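The values are calculated or read from the model by the stated rules, or taken from the named source; none is laboratory data. This structure is a prediction, so every number in the text was calculated from the model and none was measured. In this analysis, Cβ positions are derived from the backbone assuming ideal geometry, glycine residues included, and neighbour counts consider all displayed protein chains.
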Amino acid sequence: MKSNRQCLNGLWAAWYLCAVAVVMPAVAGDTNQPPAAIPSAPLSVFKQPITPKEGRDPFFPNSMRMFASLVVPPSKTKDLSSLVIRGKSGTSDRPLVIINDVTFAEGDDRDVITPDGRINIHCYKILGDVVVVEANGQQHQLRVNLKP
């Protein structure tokens, strides 16, 4: 009768032979063959539906927000006559000007609230009583008319 130790040694030997039998053909094989190509996963492609016939939102089937036009309509040219210079301050090296309650230095880019809505203004230069700004894609000059 075999002891437990002899049985374990036999199992280890059998396992070793199986492992060598599996590994040896891969090691001893032809090394000139390129490795097998790994198949790549296909890339997913999502196409935004343009009409309800092409698709719909599964969570909100009656919603039409998906089909809103991707083209942003051009904004109406807003009237700049409502831009008023309310004050000047700062130093001669860094002058400041207040346009409709918003303070600007040279190079600042901020939104100003007007009766027509918000206007994005970029302040180019502050030269004495003249302020050069860009709004609606065009340069404009605003004059400082402060009453004492």
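Taking segment 105-148 as the range and being touching a residue at least 24 places away in the same chain (Cβ under 8 Å), at negative phi and assigned to a strand (DSSP E or B) as the test, the residues that pass are 112, 114, 119, 121, 123, 126, 131, 133, 135, 140, 142, 143. Of all residues in segment 47-83 being hydroxyl-bearing (Ser, Thr, Tyr) and at pLDDT below 65, which is surrounded by the fewest Cβ atoms within 10 Å (Cβ to Cβ)? Looking at residues that are hydroxyl-bearing (Ser, Thr, Tyr) and at pLDDT below 65, I get 69. Could you say whether any residue in segment 13-35 is at pLDDT 70 or above, surrounded by 10 or more Cβ atoms within 10 Å (Cβ to Cβ) and assigned to a loop (DSSP other than H, G, I, E, B)? Looking through segment 13-35, none of the residues is at pLDDT 70 or above, surrounded by 10 or more Cβ atoms within 10 Å (Cβ to Cβ) and assigned to a loop (DSSP other than H, G, I, E, B).
If the condition is being surrounded by fewer than 12 Cβ atoms within 10 Å (Cβ to Cβ) and either in contact with a Lys or Arg (Cβ under 9 Å, 6 or more places away or on another chain) or of a type in the set (Asp, Glu) (or both), then segment 84-110 contributes 93, 101, 109. Scanning segment 111-128 for residues that are in contact with a helix residue (DSSP H, G or I) (Cβ under 8 Å, 6 or more places away or on another chain) and surrounded by 12 or more Cβ atoms within 10 Å (Cβ to Cβ) yields a count of 3. For the criterion of being out of contact with any strand residue (DSSP E or B) (no Cβ under 7 Å at 6 or more places or on another chain) and either in a strand (DSSP E or B) or within 20 Å of residue 79 (Cβ to Cβ) (or both), residue 98 fails.
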